[in-house]
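Any read-out appearing in this document is the output of simple, stated calculations on the displayed coordinates, not a laboratory observation. Here the structure is a predicted model, which is why all the values come from computation and not from measurement. Because the Cβ atoms are built from the backbone with ideal geometry, glycine has one as well, and the counts that use them run over all protein chains shown.
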Amino acid sequence: MVVAPVVIALSRSGEPVAHRIAAHLGAKVHGREGRVDQADAYFPNALDHVRDLFAAGVPVVGVCASGILIRAVAPLLMDKATEPPVVSVSDDGGVVVPLLGGHRGANRLASQIAAELDAVSAVTTAGDVAMGVALDAPPAGYRLANPSDAQSAMAAMLAHEGVRFTGANIFDLPDTAGNVEIIVTEAPVAGGPTTLVYHPQQHVVGLGCARNADPEELWSLVTRTLADNDIAHGAVAAVASIDLKGDEPAMNEVARRLNVPLRLFTAAELEQQTGKLANPSEVVFSEVGCHGVSEGAALACAGTLVVEKQKTANATCAVARADAPIAEMAGRSRGRLSVVGIGPGQAAWRTPEVSRLVAEAEELVGYGLYIDLLGPLAIGKARSDFPLGGEEARCRYALEQAALGKNVALVCSGDAGIYAMGALVFELLDRGPDEEGVSDAAHRVDVVCSPGVSALQGAAARAGAPLGHDFCTISLSDLLTPRDDIIRRLNAAAQGDFVIAFYNPVSKTRRTLLAEARDILLQHRPADTPVMLASSLGRPEEHVRYRRLDALEVDEVDMLTVVLIGSSNSRLAHLGEGPRMFTPRGYARKIDGDLTAKRDDPYLPEEAS
């Protein structure tokens with residue numbers, strides 16, 4: 001999915017230019033709170049906001065000083081081949097500077113903006129300056145087969161060694177019959193330091209296979225079919241099949257190896273191709289409702305069948321060719337459900353992977369407050385808010401939306417796999433035919449789980465290091481867990497002397513279990529055991545305080561509070577900035593004389609071993 005740019009406005013003086021750029025690009029304007037009058041979304045801190053967008057892979061156009069954008073993204077710079085475009089524009093719209101992402105279209109974006117504003121585009125990339133092109137960024141629909149040779153080829157061209165074309169001149173450069181050769185072909189051709197090979201992506205590979213077919217069998221069939229017909233892997237735009245095969249491991253593996261999308265069609269859609277099939281089959285029709293899967297799927301994506309159905313014992317393959325490189329794919333995707341944990345809420349505690357999955361999603365599903373905490377990342381996306389208590393409906397809805405081929409993000413606070421929706425998603429998928437689960441289509445979606453900072457981790461970080469030794473978590477909510485089970489776990493954890501994090505400690509109607517837990521723990525650990533109460537972690541109203549175990553009062557705890565109770569070894573260190581809670585792991589004992597521990601203990605300090 002291509003992520004739309006975001007235009008950043010930091011001041012009223014640049015606001016008109018920001019809105020003009022956004023209208024031209026079809027983008028949203030994000031404005032600085034209190035300094036911009038009109039925007040689609042607002043943010044309090046420019047550095048944090050730009051950094052969050054960049055980490056999510058969102059192209060950024062900032063109407064501001066270049067230095068602001070540079071300072072924002074500098075900590076995240078790693079791979080120039082994958083970084084999204086970052087472009088700065090002066091407040092008056094006179095100068096456009098592509099700062100980063102030249103390999104991802106920043107120079108083209110800057111030129112596009114400059115043309116709209118009648119501005120100067122300050123492109124500094126050598127190839128763009130000298131020739132107006134970047135050889136490693138071919139036009140849409142073309143793939144460079146040997147990107148590692150682009151730099152040397154560009155260097156030769158800049159050294160005035162000239163260029164010659166074999167095939168279409170996709171860069172519209174003068175052919176000087178020089179030393180650098182640019183080949184545009186559908187066939188597999190070897191490139192080199194001064195020979196760049198570009199493949200027009202005009203072919204679609206249609207696939208069919210038995211359930212759980214060997215991926216290597218299907219891959220061998222595909223590679224042999226392409227090789228026998230002189231079709232390069234890079235000339236393939238997609239693989240395609242019937243929607244019943246959306247979760248087929250072999251097909252997804254072929255798509256992954258070819259680095260192309262898997263496109264899916266219903267049996268009815270494939271049946272519309274029956275008149276064009278070279279090998280219609282009544283047997284296939286009786287099984288899946290169409291007369292051909294591999295040929296039909298290839299034809300549904302591209303216009304002309306160029307390779308009839310090839311087959312092995314368990315797989316079939318056919319190839320169709322479009323008249324031009326395929327820019328827009330027919331069919332639908334498999335559908336993806338990203339189960340994401342956004343941490344306690346603040347952007348700084350949200351992982352870049354979660355931000356990227358949210359940015360790529362078409363629809364956000366979750367408790368409304370959690371979606372709100374995403375701030376500008378949620379702007380412009382379809383969202384489906386569910387109330388507390390509607391967890392099963394929430395997960396079922398997210399799965400069924402993904403089953404339609406959508407990219408859906410199920411948004412949870414903390415970590416989605418810890419007392420959140422992750423387990424319920426898989427429970428629904430695991431239910432049998434006699435239970436109320438989800439549709440067959442929902443079982444075929446791609447489910448991705450991405451970790452988040454849990455409330456437990458956030459509280460521990462604020463405290464210091466209370467989880468330095470063994471710990472556990474216990475939910476005190478008896479809505480889903482029988483009360484007797486909770487009491488049994490409390491006694492076991494107390495006897496085991498674990499550091500304990502209590503989730504869901506109280507509610508408006510449930511006030512007694514926390515007091516019972518306190519009394520059980522007091523039977524097994526000192527009265528002065530430190531307890532940390534952390535409320536609204538990571539949010540402006542965050543409130544952290546410490547208590548003795550025997551002084552823990554239920555009335556100062558609510559549902560937004562994490563209760564962290566130390567073990568008998570946990571202590572408070574009284575430092576200049578206030579108390580910090582920690583639980584020793586026993587380093588002092590080992591270093592003072594008990595050095596009989598195994599030397600391969602990964603937690604034993606190097607100096608002690």
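If contacts are Cα pairs under 8 angstrom and at least 6 residues apart, what is the relative contact order of the chain in percent?
In percent, rounded to a whole number, it is 8.
Averaging over every viewing direction, what projected area does the convex hull of the Cα atoms of the stretch 91-236 cover, in nm²?
Projected area, direction-averaged: 11.7 nm².
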Would you mind counting up the charge near LEU549? Only other residues with Cβ under 15 Å from its Cβ, with Lys and Arg at +1 and Asp and Glu at -1.
-> -1
Net charge contributed by nearby residues that have their C-beta within less than 11 Å of ILE520 (K/R +1, D/E -1) = +2
Where q = 0.16, 0.25 Å⁻¹, what log10 of I(q)/I(0) comes from the Debye formula for the stretch 221-304, counting one point per Cα?
-> -0.62, -1.27
Centre separation in Å (Cα based) which lies between the stretch 210-273 and the stretch 503-543 | 54
Taking only DSSP H segments of four or more residues, each worth -39500 (n - 2.57), what value at 222 nm results for the chain once the sum is divided by all its residues, to the nearest 500 deg cm²/dmol?
-> -8000 deg cm²/dmol
Alpha carbon Rg of the chain, scaled by the compact-globule rule 2.2 N^0.38 Å | 1.17
Can you work out the base-10 log of I(q)/I(0) for the stretch 336-453 at q = 0.18, 0.21 1/Å, using the Debye formula on its C-alpha atoms alone?
-> -0.82, -1.12
Residue order, fewest to most beta carbons within 10 Å, for PHE471, PHE426, PHE502 = PHE426, PHE471, PHE502
Would you grab the residues whose amide H sits under 5 Å from the one on THR166? Only those 5+ places off in sequence or on another chain, please, with H modelled 1.01 Å from N.
-> ILE182, ILE183, VAL184
Using alpha-carbon positions, what is the distance between the centroids of the stretch 71-86 and the stretch 1-56, in Å?
-> 18
Give, as ranges by residue number, the residues of the stretch 96-111 whose backbone N falls under 18 Å from the point 7 Å along Cα→Cβ of ALA122.
-> 96-102, 106-111
